[in-house]
Amino acid sequence: MAIRYGCFISYAQGQFDLMIKFKSELTAALRCYLEPYLDHETALFIDTEQLGGGDDIDRKIARAMCESAAMILIYTPKYESHKFTRREHAAMQLIEAERAQWYDLPSRLIIPVIMTHHPLSLPPQIANSTMYVDFSRFTMATPDMKSNPDFIPAIEKIVARIVEHVELQKISTPSGHDCNQFVLPDVPPEWRSLPTLSFPKK
């Protein structure tokens, strides 16, 4: 296996301007700041750009995740509601557990970036991360993220984490490792249990 992507972008798709703009701005900033570090690797894997009609989606996603040094998780409440995004999170956890046997991980492979907070609380999968980045102040009026001083320090922190894993995985990945063997796990349970509804008696 060779590292092919700096990071895999895991997100719940949106139809309207805010979610579309956020993903576009974030990925443009990451590409901009990753470029000086990456030579043969592609900075990002984004499903809407790399997948085509007729692809075996599960197989392509599994391989791309395995060939990525890390994963950016764009968190919105919608993210935890979707089976396929929870599945991507679970898949990267499996990949992280495997790579922890190859080298001492300096940080986790999953990097949550919060676009929108849950109205109650962040789920433990995000809140308990060793590092997450809170970009929930982003709005349609936010200037270009890659040149915005409110966001640049966090972008640089994310990039530093990604490129460290890229370099460590280049020298630590077993020569016979085959990403074609990696398969996505079953869909995990919902991240937060649904409350039991009860109604007051008359």
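The values are calculated or read from the model by the stated rules, or taken from the named source; none is laboratory data. In this text the structure is predicted, and so the values were computed from the model without any measurement. Here Cβ is always computed from backbone atoms with ideal geometry, including for glycine, and neighbour counts include all displayed protein chains. The area values use the complete protein model at the heavy-atom level, side chains included, leaving out ligands, DNA and RNA. Shrake-Rupley method; radii C 1.70, N 1.55, O 1.52, S 1.80 Å.
Take the conditions open to solvent by less than 60 Å² (accessible area, probe 1.4 Å) and either in a helix (DSSP H, G or I) or under 22 Å from GLU41 (Cα atoms) (or both) and apply them to HIS177. Does it pass? Break it down into steps so the answer makes sense when it comes.
Numbers: open to solvent by less than 60 Å² (accessible area, probe 1.4 Å): yes; either in a helix (DSSP H, G or I) or under 22 Å from GLU41 (Cα atoms) (or both): yes.
Answer is yes for this residue.
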Kindly indicate the residue of segment 1-20 that is more than 24 Å from SER147 (Cα to Cα) and free of Cβ contacts under 8 Å to residues at least 60 places away in the same chain and also surrounded by the most Cβ atoms within 10 Å (Cβ to Cβ) among those meeting that condition. GLN13
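Could you tell me whether GLU190 is surrounded by 12 or more Cβ atoms within 10 Å (Cβ to Cβ), within 19 Å of the chain's Cα centre (by Cα) and over 14 Å from MET71 (Cα atoms)?
Details: surrounded by 12 or more Cβ atoms within 10 Å (Cβ to Cβ): yes; within 19 Å of the chain's Cα centre (by Cα): yes; over 14 Å from MET71 (Cα atoms): yes.
Yes.
Results for (1) among the polar types (S, T, N, Q); (2) over 25 Å from THR116 (Cβ atoms); (3) open to solvent by less than 10 Å² (accessible area, probe 1.4 Å), shown as yes or no for each residue.
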| residue | (1), (2), (3) |
| --- | --- |
| PHE22 | no, no, yes |
| LEU30 | no, no, yes |
| LEU44 | no, no, yes |
| ALA62 | no, yes, yes |
| SER68 | yes, no, yes |
| GLU80 | no, no, no |
For segment 23-92, list the helices (runs of 4 or more DSSP H) that sit wholly inside it and hold at least 1 residues that are in contact with an Asp or Glu (Cβ under 8 Å, 6 or more places away or on another chain) and under 19 Å from ALA12 (Cβ atoms); which are they? 57-66, 77-81
Taking only pairs six or more apart or across chains, which ones have beta-carbon atoms under 6 Å, a first residue in segment 103-120 that is closer than 10 Å to ILE162 by Cα and assigned to a loop (DSSP other than H, G, I, E, B), and a second residue that is at pLDDT 95 or above and of a type in the set (Lys, Arg)? SER107/ARG161
Report yes if ASP58 is open to solvent by less than 70 Å² (accessible area, probe 1.4 Å) and modelled with pLDDT under 95, otherwise no. no
In the set MET115, MET145, MET140, MET92, the lone residue that is closer than 22 Å to MET19 by Cβ and open to solvent by 80 Å² or more (accessible area, probe 1.4 Å) is MET140
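Taking ILE126, is it surrounded by 13 or more Cβ atoms within 10 Å (Cβ to Cβ) and in a helix (DSSP H, G or I)?
Working: surrounded by 13 or more Cβ atoms within 10 Å (Cβ to Cβ): yes; in a helix (DSSP H, G or I): yes.
Yes, satisfied.
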Being open to solvent by less than 40 Å² (accessible area, probe 1.4 Å), part of a helix (DSSP H, G or I) and closer than 16 Å to THR76 by Cβ, is that true of even one residue in segment 151-167? no
